[in-house]
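Visitor: Below: one structure in structure tokens.
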Amino acid sequence: MKKPWSITTTLRNPERLRDFLIVLKQLENCKWDLESQRKYQILLIKERVYGYGSNQFYNGLSQEQIDLIDDQTKIITFEQAETIFNVKNYEDPSMRGRQSINPLKKFGLVVVKDEKICITSLGKLFLKDDFDLGEIFFKSFIKWQIPNPDSDDYKLEDGYNIEPFVGVLHLIQRVNEKSRKSGEKEKGISKEEFSLFCPTLVNYEDIEIYSEKIIALRKDLKDKPKQEQKIIRDKYKKTFAREFLGKSNNTEIQKLLKNLRDYGDNAIRYFRLTRYIYIRGGGFYIDLEPRRSVEINALLDFDNAQSKTFESKEQYLDYISDISEPKLPWETKEKLIEIAIKLLEDIKLFERETRVTPKVFLDYQKLGEDGLKKFINDLRNYRRELQDKQNHQKSQDT
């Protein structure tokens, strides 16, 4: 039976990943055995990263223990955290630690190499005070693939073969292209379409087929009354789920559709952080970020979303541990200058609209690749300031 991909159900808030990583740093270079797995979960409780504010976690704890966790002015000792952990009476205590490290491993922030915990160069970048959240998640997601040698969840022989993030970008682009050719407005894909078609897109060869399915469903729904649209949509979802699972069991179909809503919402939340997709249409549509068009077009020309082949688990771990891999297709002087020119055009427009004194920039044409990357980063920060200023002015006018 096929299963969809999921980013993580352990951490629904992406920004909490850094807290989990900070705690794990206490165990860096330690052997990742049953004892350290158990210890990691206790440390998460001790640092109030796990369990804090959760009524479900508080079940079974004494009022004294709940008050201790809730009072952030008090330090929780390791012994107190261990007692709390033991009260929970988990069937497999060490499994809790393994579940908590999984998102960090999936995003390439941590690897277990030679049975020891190693924080990767990407993970170390995330631990810096001046980390860029968008850069962290983008560099993680372009490497995330199924299957991969560090997980047995998906196998190539079972039909899994995709880099999910890159595959989603391709799917949105193909839907937009088909919409444009048919005279319809390019608007990306709806949240409902995302949840149904993106987590179930498990093979890059199905991108074209899935884009056709989305367009066909839209045609079926067009100009129909809302009640009829709901009937068509519900019937389509059940048929789609049945075909994906290869089963007609109604309970399993309903379970898949429920999970897809959660998986889709979570994926949107994480993918949005890369700044390569944005939400439009009153929050109902997910589209490619037009201000990253140079990078997106270069990436999609360069990468068809097929998973890479590795000769060994060690080779794969080396790959996700190396922050310089893969070399991005726009990291050439010509492409970087193209990005800078587009940013400067945006900035001039914002400067006019916000009526600020135009800023004078250095002669970027003489910069090397590293200098251009820094220059582009500064331009993006300045553009964000101007955009915030414009939003503030509009709110004042309102």
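Just so you know, all these numbers are worked out from the coordinates, no wet-lab data involved. In this text, all values refer to a predicted model and were calculated from it rather than measured experimentally. Cβ coordinates were reconstructed from backbone atoms using ideal geometry, including for glycine residues, and neighbour counts include every protein chain displayed.
Visitor: If I model a spin label as a point 7 Å beyond the Cα along the Cα-Cβ vector, how far apart are those points for LYS333 and GLN227 in nm?
Guide: Between LYS333 and GLN227, the label points sit 6.8 nm apart.
Visitor: Separate question: What percent do you get for the relative contact order of region 116-218 when only Cα pairs under 8 Å and 6+ apart count?
Guide: Numbers: 88 pairs, mean separation 23.5, N = 103.
So the answer I get is 23 percent.
Visitor: Between LEU133 and LYS235, what is the label-point separation in nm under the 7 Å Cα-to-beta-carbon projection?
Guide: Label at LYS235, label at LEU133, 4.3 nm between them.
Visitor: Past 30 Å, Cα to Cα, is the threshold; run LYS143/LYS394; LYS155/LYS219; LYS313/LYS342; LYS124/LYS313; LYS74/LYS143 against it and keep the listed order. Don't skip to the end; give the middle numbers.
Guide: On the way: LYS143/LYS394 39 Å; LYS155/LYS219 35 Å; LYS313/LYS342 41 Å; LYS124/LYS313 22 Å; LYS74/LYS143 41 Å.
Violating the 30 Å limit, Cα to Cα: LYS143/LYS394; LYS155/LYS219; LYS313/LYS342; LYS74/LYS143.
Visitor: In terms of the Cα gyration tensor, with a ≥ b ≥ c the square roots of its eigenvalues, is region 306-370 rounded because a/c is under 1.5, prolate because a/b exceeds b/c, or oblate?
Guide: Values: a/c = 3.80, a/b = 2.84, b/c = 1.34.
Prolate, since a/c reaches 1.5 and a/b exceeds b/c.
Visitor: OK, next. Distance cut-off 27 Å, Cα to Cα: go down the list LYS187/LYS230; LYS2/LYS187; LYS139/LYS374 and report the pairs above it.
Guide: Working: LYS187/LYS230 21 Å; LYS2/LYS187 30 Å; LYS139/LYS374 17 Å.
From the list (LYS187/LYS230; LYS2/LYS187; LYS139/LYS374), the Cα-Cα distance tops 27 Å for LYS2/LYS187.
Visitor: Rounded, prolate or oblate: which fits region 274-398 when a ≥ b ≥ c are the square roots of the eigenvalues of the alpha-carbon gyration tensor, with rounded for a/c under 1.5 and prolate only if a/b beats b/c? Present the calculation step by step, with values, prior to reporting the outcome.
Guide: On the way: a/c = 2.72, a/b = 1.59, b/c = 1.72.
Oblate, since a/c reaches 1.5 and b/c is not below a/b.
Visitor: If you don't mind, another one. Can you tell me how much longer the chain between CYS118 and ASP370 gets when fully stretched, taken as 0.36 nm per residue apart minus their C-alpha distance, in nm with one decimal? Can you show the working numbers first?
Guide: Values: separation 252, 0.36 × 252 = 90.72 nm, distance 2.74 nm.
Using 0.36 nm per residue and subtracting the Cα-Cα distance, I get 88.0 nm.
Visitor: Determine the shape class of region 247-321: with a ≥ b ≥ c the square roots of the Cα gyration tensor eigenvalues, call it rounded for a/c under 1.5, and otherwise prolate if a/b is greater than b/c, oblate otherwise.
Guide: Working: a/c = 2.37, a/b = 1.12, b/c = 2.12.
It is oblate, given that a/c is not under 1.5 and a/b is not larger than b/c.
Visitor: Name the longest site-free stretch of the chain, where the excluded sites are trypsin sites (Lys or Arg not before Pro) in a DSSP loop with no more than 10 other beta-carbon atoms within 10 Å. Kindly include the intermediate steps, with their values, before the conclusion.
Guide: Numbers: sites that count: LYS128, LYS185, LYS222, LYS327, ARG355.
Within the chain, the longest run free of exposed trypsin sites (Lys or Arg not before Pro) spans 1-127.
Visitor: For the chain, set up a GNM with springs between Cα atoms under 10 Å and report which of GLY97, GLY371, GLY51 has the largest fluctuation.
Guide: Checking each option, the largest mean-square fluctuation is seen for GLY371.
Visitor: Using the count of nearby Cβ atoms within 10 Å as a rough guide to exposure, how do VAL360, VAL202, VAL87 rank from fewest to most?
Guide: On the way: VAL360 5, VAL202 21, VAL87 13.
Lowest to highest Cβ neighbour count: VAL360, VAL87, VAL202.
Visitor: Taking the convex hull of the alpha carbon atoms in the chain, what volume per residue do you get, in Å³?
Guide: Per-residue hull volume (Cα only) is 204 Å³.
Visitor: Obtain the nm distance between the two label points defined at MET1 and GLU35 by a simple spin-label model: each point lies 7 Å from its Cα along the Cα-to-C-beta direction.
Guide: Those two pseudo-labels are separated by 4.0 nm.
Visitor: How much mean residue ellipticity at 222 nm does the chain get from its helices, if each DSSP H run of length 4 or more adds -39500 (n - 2.57) and you divide by all residues, to the nearest 500 deg cm²/dmol? Working shown, then result.
Guide: Values: 17 runs with 226 residues, N = 398.
That comes out to -18000 deg cm²/dmol.
Visitor: What residues from region 302-325 fall in the zone where the backbone N is under 20 Å from a label point 7 Å along the Cα-to-C-beta line of GLU28?
Guide: Only 317-325 fall inside the zone, counting backbone N under 20 Å.
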